[in-house]
Amino acid sequence: VTVKDANTLAVIENARVLMEATTGGPLPVGVTVTISNSTTTATVTHTSHGLVTGNQVKIKGAGYSQNNGVFTITVTGASTYTYTITAGNDGAVPGTITSTAVILFGLTNASGILQTTSFNFTSSQPVTGKIRKHGVPPSYTPPNYRTGAITGTIISSGLDTTVLLIPDD
């Protein structure tokens, strides 16, 4: 993903990108899972997840805030993986919890690019996501941009897309 200013076409460094799987492909999207916490490890039971160590997932709906968010996983079995949390409540995590594969999550580099090679796509994977760039607190120094959307499909040769962000000063 390359991120540029819609007015000047200049690349935007440090734009936050979140690109996740959406329905119609091989990666998990909104799959109901269960989680159990033990000190700083969350163990997810996710039937036939198909993920590998180093992939990222977005967890939503967990009753404990430390379990919600985007996490890098360690696969421990065909139907289990773990991720690190801040210490908190041990035992079963309440809630209607879902897991979705995350393809990209991070900041663009000096060339306005965020990329990954951690997935080997042998079939098409529709994706969705968002990009935002705002100043850093406490001053929120411009330039600031409106949130932009990502949509597309990753095919076996990958996905190369440019997203234009509209300035919001």
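Going through region 104-137 one residue at a time, which ones are in a loop (DSSP other than H, G, I, E, B) and at positive phi?
Correct list: Gly112 only.
How many residues does region 14-55 contain that are farther than 17 Å from Val70 by Cβ and open to solvent by less than 50 Å² (accessible area, probe 1.4 Å)?
Of the residues in region 14-55, 2 are farther than 17 Å from Val70 by Cβ and open to solvent by less than 50 Å² (accessible area, probe 1.4 Å).
Mind listing just one residue for me: the one in region 147-161 that is farther than 16 Å from Phe105 by Cα and surrounded by fewer than 13 Cβ atoms within 10 Å (Cβ to Cβ) and, of those, modelled with the highest pLDDT?
Ile155
Check off (1) in a loop (DSSP other than H, G, I, E, B); (2) under 17 Å from the mean Cα position of the chain (by Cα); (3) within 25 Å of Pro142 (Cβ to Cβ) for Gly25 and give me the number that stays unchecked.
Only one criterion in (1) in a loop (DSSP other than H, G, I, E, B); (2) under 17 Å from the mean Cα position of the chain (by Cα); (3) within 25 Å of Pro142 (Cβ to Cβ) is unmet by Gly25, namely (3).
Of the residues that sit in region 29-42 and are in contact with a Ser or Thr (Cβ under 6 Å, 6 or more places away or on another chain) and assigned to a loop (DSSP other than H, G, I, E, B), which one is nearest to Phe121 (Cα to Cα)?
Residue satisfying both the conditions and the ranking: Val29.
Scan region 106-136 residue by residue and report those that are within 13 Å of Lys58 (Cβ to Cβ), touching a Leu at 6+ places or on another chain (Cβ under 8 Å) and surrounded by fewer than 20 Cβ atoms within 10 Å (Cβ to Cβ).
Lys130
Note down all Cβ pairs under 8 Å where the first residue falls in region 53-69 and is among the basic types (Lys, Arg), the second is surrounded by fewer than 21 Cβ atoms within 10 Å (Cβ to Cβ) and in a loop (DSSP other than H, G, I, E, B), and they're at least six residues apart or on different chains.
Partner pairs satisfying both residue conditions: Lys60/Asn68.
Could you run through region 69-99 and say how many residues are assigned to a loop (DSSP other than H, G, I, E, B), surrounded by 18 or more Cβ atoms within 10 Å (Cβ to Cβ) and among the small types (Gly, Ala, Ser)?
Total meeting the criteria: 0.
It is to be established whether one or more residues within region 44-55 are more than 30 Å from Pro167 (Cα to Cα) and part of a strand (DSSP E or B). Write out each step before concluding.
Going residue by residue through region 44-55, those that are more than 30 Å from Pro167 (Cα to Cα) are 44-55.
So of that shortlist, the ones also part of a strand (DSSP E or B) come out as 44-45.
Yes - at least one qualifying residue is present in region 44-55.
Looking at region 144-169, I want the residues that are more than 20 Å from Gly24 (Cβ to Cβ) and have a partner that is open to solvent by 80 Å² or more (accessible area, probe 1.4 Å) and in a strand (DSSP E or B) with Cβ atoms under 6 Å, at least 6 apart or on another chain. Which pairs are those?
Taking only residues 6 or more apart or on different chains, the pairs are Thr147/Lys130; Thr147/Arg132; Ile166/Arg146; Asp168/Arg146.
Given the conditions (1) open to solvent by 50 Å² or more (accessible area, probe 1.4 Å); (2) within 30 Å of Arg146 (Cβ to Cβ), report the number of the one that Val102 does not fulfil.
In the conditions (1) open to solvent by 50 Å² or more (accessible area, probe 1.4 Å); (2) within 30 Å of Arg146 (Cβ to Cβ), Val102 misses (1) alone.
The values are calculated or read from the model by the stated rules, or taken from the named source; none is laboratory data. Here the structure is a predicted model, which is why all the values come from computation and not from measurement. All Cβ positions, glycine included, derive from the backbone under ideal geometry; neighbour counts span all protein chains shown. Side chains included, ligands, DNA and RNA excluded: accessible areas come from the protein's heavy atoms. Shrake-Rupley method; radii C 1.70, N 1.55, O 1.52, S 1.80 Å.
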